[in-house]
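Visitor: Mind looking over this structure? Questions follow.
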Amino acid sequence: MNLFRRRAAEPTPRRDPTAFVAEILHRIGEQYGGFDAIAPFVPDAGGPGMEVTIHIAGPSDPERESLLQGTGIIRTVRVFADRSEVYDGARLIASFDDLTTADVFGTGR
């Protein structure tokens, strides 16, 4: 009876990005790196809205251990009620007036 035997870890299947993230990546010409995260703005950080962090696909650093593989490249999207701004670090690279918080959460809220 192997009560404490663990199965070998299986790789997590790659998931597709949400429609909002896919649209942002399409517009800026980048590929999805398999991970994104969303969080509300901290108080006094530009008003109500959220920040979406998107991991960008690309070649991995061969010197990293296999469990740390990934490009480490991200794009940050600041999403407001009337626009979305895409940043590469601190540099604004795109602003879209037609992508808003409604595109992230839907209009049924």
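Visitor: Between PHE105 and ALA19, what is the label-point separation in nm under the 7 Å Cα-to-beta-carbon projection?
Guide: Result: 1.7 nm between the two label points.
Visitor: Taking all protein chains together and a probe of 1.4 Å, list ILE56, ILE28, ILE73 from the most accessible to the least accessible.
Guide: Ranked from most to least accessible, the order is ILE73, ILE28, ILE56.
Visitor: If the chain between VAL42 and ILE28 were fully stretched, how many nm would it gain, using 0.36 nm times the residue separation less the Cα-Cα distance?
Guide: Extra length from VAL42 to ILE28 when fully extended: 2.5 nm.
The values are calculated or read from the model by the stated rules, or taken from the named source; none is laboratory data. Bear in mind that the values here come from a model prediction, so they are computed numbers and not experimental data. Heads up, the Cβs are rebuilt from the backbone with ideal geometry, glycines too, and the neighbour counts pull from every protein chain shown. Only protein heavy atoms, including side chains, enter the accessible area calculation; ligands, DNA and RNA are left aside. Shrake-Rupley method; radii C 1.70, N 1.55, O 1.52, S 1.80 Å.
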